[in-house]
Amino acid sequence: MYLEDTVNKLKTILLVSIFALTASAGAVQAALVNFTLTGTVGTADAGNGFGLNINDSITVTGVFDDSVLAGAGAEGVVFSAVSGNSLNISAGLASFTEADDVDYSLGSSPTLNFVDGSFAGFDYAANFGTYGFFNSTGLSIDSGDNNPFPSTNFVTGTWTDYSVSAVPVPAAVWLFGSGLLGLAGVARRKS
């Protein structure tokens, strides 16, 4: 009788664990995606504070929850303090995060824009150094460092490549799941 009660308890624990694991893994992991956005410098004034030259790359990488995208019409992914989305920009000697955007605290920017599920632009504006700025509107990059003031050392370019991949499920989830299956096998063998 004791063995039968133990097996029944193990079955119950197993079913509850599998349900919880499936529900939490699906809800938390299914919508997270890694993205990479690459831009190419088209013009670069000599001596610009970014240290960029013509044909150099500017890269944006990050993670966002794509469940806000329906794939129809104009829509966007906002990188605000409450969104849980994150990004990093590498522009030569300069680097920026979502929190460096001048409108970050307002919750309206930065934004990845999409039309009918396809990348349509990146809106971002940040200050750089004492007088400079890094600006992206739509598919255009327009930046400068104004150093020494009042001269302007411009860098311009366009976003040329956007790619996305699913965030992988952590190995611990798979290990936990295989352990539960092992328990199910033991419980079945004993009954």
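Just so it is clear, none of the values below were taken in a lab; they were calculated from the coordinates. Because the structure is a prediction, the values reported are computed rather than measured.
General remarks:
- Rounded, prolate or oblate (a/c below 1.5 giving rounded, otherwise prolate when a/b exceeds b/c) for the stretch 32-169 by Cα gyration tensor: prolate
- For the stretch 57-133, convex hull volume per residue from C-alpha positions, Å³: 90
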